[in-house]
Amino acid sequence: MAGPISGEPPAPRRGRLGVLGWPVAHSRSPAMHRAAFAELGLSGWSYQLLPVPPELFDETVRALPAAGFVGANVTLPHKQAALELSDDASPAALAIGAANTLSFAADGRIYAENTDGPALIASLPIALPGARAVVLGAGGTARSAVWALRAAGADVAVWNRTPARARELAEQLGARAIDRVESGDLLCNCTSVGLGTRWTSHEEVLQSLAINTDLLLSYACVVDFVYGERASSLLDIARERGVMTVDGATILGEQGALSFELWTGLEAPRAVMAHAAMEAA
């Protein structure tokens, strides 16, 4: 397991980048980063899909620096493995227990970062100090959300259909576990509920998340980390009722921008990257 980052990240230089996942063909990251390279005239940079099964993840990552890679994004199911193989890791990655961004030093050392939490915070339209946030779910995405919201000064409650998982996450990250979803200022859906077309009604979506319309209307903002061809059903419901929303594509764009800045040392062209992500849908 890596220790906390002890020095500055590797100096930015031109090179290859990619996104590691299994599967990974759906990723919008190549479109976002290629658009950023074009916007800033970075002809020496490239970004590609890196489909890697779990049993080959370790050896593949360790071979990337010699192949000219200076960094990689990491998506499911590799985020925990990415942290474990790193030589150094940020406090965020260590606290969350996963990494979504790797950077490779000239000597081959691997630096792990997690930009999921900071991307969530940067995407929110409400102030967080003192805000009451409810996080639905207890997986890796929920961990990053809870950590980031707590660090930003919010009071965070965690609900999961398996209460023991909610209690474990809450105890580890200083949040509160709740058996019933409560009202608040911010609702973050970190589950897959509401994705796609399999839901026959709004009521079915809300029931699956153990909430109702009145409870939904108590929130100033609703976030859903899911992104895909259609907005999540949960966000459809919230928007129809005038509640502010943040979708997974917005968070993905910010996450990609933060990774881009880490690797290149340049300010990311966020609007260009966001447009590219939407066009890639």
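The values are calculated or read from the model by the stated rules, or taken from the named source; none is laboratory data. Values in this document were obtained by computation on a predicted structure and should not be read as measured data. Cβ: placed from backbone, ideal geometry, glycine included. Neighbour counts: every protein chain shown.
The table that follows gives values for the structure above.
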read-out	value
GLY256 being within 13 Å of ALA119 (Cα to Cα) and out of contact with any Asp or Glu (no Cβ under 6 Å at 6 or more places or on another chain)	yes
Top-ranked residue in the range 232-256 [being assigned to a helix (DSSP H, G or I) and in contact (Cβ under 8 Å) with a residue 60 or more places away in the chain; ranked as nearest to GLU204 (Cα to Cα)]	ALA249
Subset of the range 27-80 (residues that are of a type in the set (Asp, Glu) and either more than 22 Å from GLN255 (Cα to Cα) or in a strand (DSSP E or B) (or both))	GLU55, ASP58, GLU59
Residue tally, condition at pLDDT 95 or above and among the hydrophobic types (A, V, I, L, M, F, W, C), over the range 100-118	4
Of all residues in the range 209-251 being in contact with a strand residue (DSSP E or B) (Cβ under 8 Å, 6 or more places away or on another chain) and aromatic (Phe, Trp, Tyr), the one that is surrounded by the most Cβ atoms within 10 Å (Cβ to Cβ)	PHE225
In the range 75-101, residue farthest from GLU113 (Cα to Cα) [restricted to those that are hydroxyl-bearing (Ser, Thr, Tyr) and touching a helix residue (DSSP H, G or I) at 6+ places or on another chain (Cβ under 9 Å)]	THR75
Residue identified as modelled with pLDDT of 95 or more, closer than 27 Å to ASP224 by Cβ, crowded, with 21+ Cβ neighbours inside 10 Å and not assigned by TED's automatic domain parsing to the domain that holds THR264 among ALA145, ALA152	ALA145
Set ARG167, ARG109: member being out of contact with any helix residue (DSSP H, G or I) (no Cβ under 6 Å at 6 or more places or on another chain) and farther than 30 Å from THR60 by Cβ	ARG167
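For every residue, the table says whether it meets (1) within 23 Å of ARG270 (Cβ to Cβ); (2) within 15 Å of the chain's Cα centre (by Cα); (3) touching a residue at least 12 places away in the same chain (Cβ under 8 Å).
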residue	(1), (2), (3)
THR60	no, no, yes
ALA95	no, yes, yes
ALA99	yes, yes, yes
SER123	yes, yes, yes
ARG132	no, no, yes
THR141	yes, yes, yes
ALA151	yes, no, yes
ASN160	no, no, yes
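Results for (1) charged (D, E, K, R); (2) crowded, with 19+ Cβ neighbours inside 10 Å, shown as yes or no for each residue.
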{"residue": "GLY41", "(1), (2)": "no, no"}
{"residue": "GLU55", "(1), (2)": "yes, no"}
{"residue": "ALA81", "(1), (2)": "no, no"}
{"residue": "SER86", "(1), (2)": "no, yes"}
